[in-house]
Amino acid sequence: MKWSLAFLGLALCLLSRSVLSQTVIKTLPGFPGELPFYLETGYVGVGDLEDVQMFYYFVKSERSPKDDPLVLWITGGPGCSTLSAILYEIGPFTFNYENLTPSRPTLKVHEYSWTKVANIIFVDEPVGAGFSYANNWESYNVNDNISATDTYEFLTKWLTLHPEFLSNPLYIGGDSYGGFINPIVTLKVAEGIEAGLEPIMNLKGYLLGNPVTNTQSDENSRVRFAYLKALISEELYKSADKNCNGDFINVNESNAACVDDLKIVTMCLEKLDRANILEPNCFYSTPKSTVDGKWDQSVVNRDPTFLASPQLPGVWCRVYNYMLSYTWANDRAVQEALHVRPGTIRKWARCNESLSYEYSIREVVDYHKELLKRGYRALIYSGDHDMTIPYVGTLAWIETLNLTISEDWQAWFVDGQIAGYTTVYSNGEAYLTYATVKGGGHTAPEYKPKECFAMIDRWFAYYYL
């Protein structure tokens, strides 16, 4: 009995800093009245000395918190704040674009928030993203493995502090570069369950949108995607495919025929919005690709404060919406309302470009194989007009899982209209549902919130899309 009390006391002592950091948020600057949903923010310390302090937002399900799934959401980047996922994708509030004020952006309820059917933990990971910070400079040096390890430790400690959610069905979710971190974290959870590590979690599966999975196939698929979307000619595609031996990434510059073909491909694509080829490209010039077929990340997509003035007068540009998050999240009143610790970050950024990050993993296909072998279900979805992580590349790595088709390729519908196409794979132990979102970009919920809400609601309920 004495040992049990001593252990409990030690556990409470170790977690005391995290316990004290939890705050229920009743109001937010820019939102009219009290919040009509439960919002909690806080920090959870990870690492040997808890030198890394991971900031989170927790929103309870608006339907049935006790019974609905619990989702840990991992945002991409790496280094992008999870506040971006809240404001622009699946969170309970978003900007009210029809009622903007010069002093502070206004907020409104997000009609198609995934928190209507799930409890969601949004975490700023890795350290240096959003409001997460470290107590020493060395801890800011991270990589894929460290990011996944920290995120798993965060989840175990968060659930220790919130044991009432241990029985809820648990899913690990994420998008974009979260496609690398998510399967690693999910497998760590699965292995922890198998090893009997406390707290025992009720893991059911994982879900990924527009996911980075295999850097080679993801990037290489852009040329084929361009051909399938009629952005380059069949003649050019066949020539490039032949001259480059199907590899548009690792190009030998002495291969003049391949280099010349890729230069023409670049000319055809460089003035398109890569996140969604249907939308306006909002810059006078777009960063050019190198001869090996890689596209540089647009600095404006990452930090729109570089835009001094609208580049295309009279044309609506999605990236201009991102400016609002910089204004709102850097407002001192907002940070006080969210209980951000003063002085822990210099400036909030939607995506931290100065992050000291090592890309230590090149692909995570084997993690998917391990999870499916263990019987965990999966949902993978793609915006079908995303040229950042094209759907053709995602389908390519799914095919390498050697699954059988359980449900043939078919349309799925919202309000009687085709919302995309779906197919279901199985290995006899688990099911992987793949879906495209018609007209969606990178990432799909930002462009098609209604359709993506219907998709996730059905999938959580074990319905076919």
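Ranked by the mean number of other Cβ atoms within 10 Å of their residues, highest first, the peptides 410-419, 351-360 come out as 351-360, 410-419. Phi angles of region 50-65 translate, via the Karplus equation with coefficients 6.51, -1.76, 1.60 and θ = phi - 60°, into HN-Hα couplings of 6, 5, 9, 10, 9, 8, 9, 10, 10, 10, 6, 4, 7, 9, 8, x Hz per residue; Gly and Pro are given as x. Putting +1 on Lys and Arg Cβ atoms and -1 on Asp and Glu Cβ atoms, find which of A329, W316, W397 reaches farthest to the positive end of the dipole of region 305-418. Selected residue: A329. 3J(HN,Hα) along region 173-189: x, x, 8, 6, 5, x, x, 7, 7, 3, x, 5, 4, 4, 5, 4, 4 Hz, from the Karplus curve 6.51 cos²θ - 1.76 cosθ + 1.60 with θ = phi - 60°, whole Hz, x for Gly and Pro. Rounded to the nearest 20 debye, the dipole size of the chain about its Cα centre is 880 debye, using +1 on the Cβ of Lys and Arg and -1 on the Cβ of Asp and Glu. Partner lysines whose Cα lies under 16 Å from the Cα of K229, excluding those fewer than 8 positions away in the same chain, are identified as K238, K271, K438.
Taking amide H positions as modeled 1.01 Å from N, with prolines and chain starts lacking one, the residues under 5 Å from C80 and 5 or more places away or on another chain are N352.
Proximity of backbone amide H atoms, modeled 1.01 Å from N, is registered between N281 and D273 at under 5 Å, excluding neighbours fewer than 5 places apart on the same chain. Could you tell me whether region 179-238 comes out rounded, prolate or oblate from its Cα gyration tensor? Rule is a ≥ b ≥ c as square roots of the eigenvalues, rounded for a/c under 1.5, then prolate if a/b exceeds b/c, otherwise oblate. Note, shape of region 179-238 comes out prolate. Phi angles across region 365-381 convert, under the Karplus curve 6.51 cos²θ - 1.76 cosθ + 1.60 with θ = phi - 60°, into 3J(HN,Hα) values of 4, 4, 5, 4, 4, 5, 5, 5, 4, 7, x, 8, 7, 9, 10, 10, 9 Hz, Gly and Pro given as x.
Neighbour counts of other Cβ atoms within 10 Å put W409, W73, W459 in the fewest-to-most order W409, W459, W73. For G128, the amide hydrogen comes within under 5 Å of the amide hydrogens of Y133, counting only partners 5 or more places away or on other chains and with H modelled in the peptide plane. Judged by the mean number of other Cβ atoms found within 10 Å, the most tightly packed of the peptides 398-404, 193-199, 234-240 leads the ranking 234-240, 398-404, 193-199.
Which FRET efficiency, nearest 0.05, do Q216 and A411 yield, Cβ-Cβ r, R0 25 Å? The computed FRET efficiency comes out at 0.25. Each Lys and Arg adds +1 at its Cβ and each Asp and Glu adds -1 at its Cβ; summed about the Cα centre, region 97-188 shows a dipole of about 240 debye. The overall shape of region 46-176 is oblate: from the C-alpha gyration tensor, with semi-axes ordered a ≥ b ≥ c, the ratio a/c is 1.5 or greater and a/b is no larger than b/c. Taking the square roots of five times each eigenvalue of the Cα gyration tensor of the chain, the equivalent ellipsoid has semi-axes of 35, 27, 22 Å, listed largest first.
Note on A195/V365: beta-carbon distance plugged into 1/(1 + (r/R0)^6) with R0 of 30 Å gives a FRET efficiency of 0.80. Taking a straight line from the alpha carbon of K26, these lysines sit under 25 Å away, with near neighbours fewer than eight places off in the same chain left out: K60, K66, K108, K116, K157, K347.
Legend: translational diffusion of region 195-289 by Stokes-Einstein, Rh = Kirkwood radius over C-alpha pairs, 4 °C, 1.567 mPa s; D = 82 µm²/s.
Here, each number is a calculation from the coordinates, and none is a lab measurement. From a predicted model like this one, the values you see are computed outputs, not experimental measurements. Every residue, glycine as well, gets a Cβ built from its backbone with ideal geometry; the counts of neighbours run over all protein chains shown.
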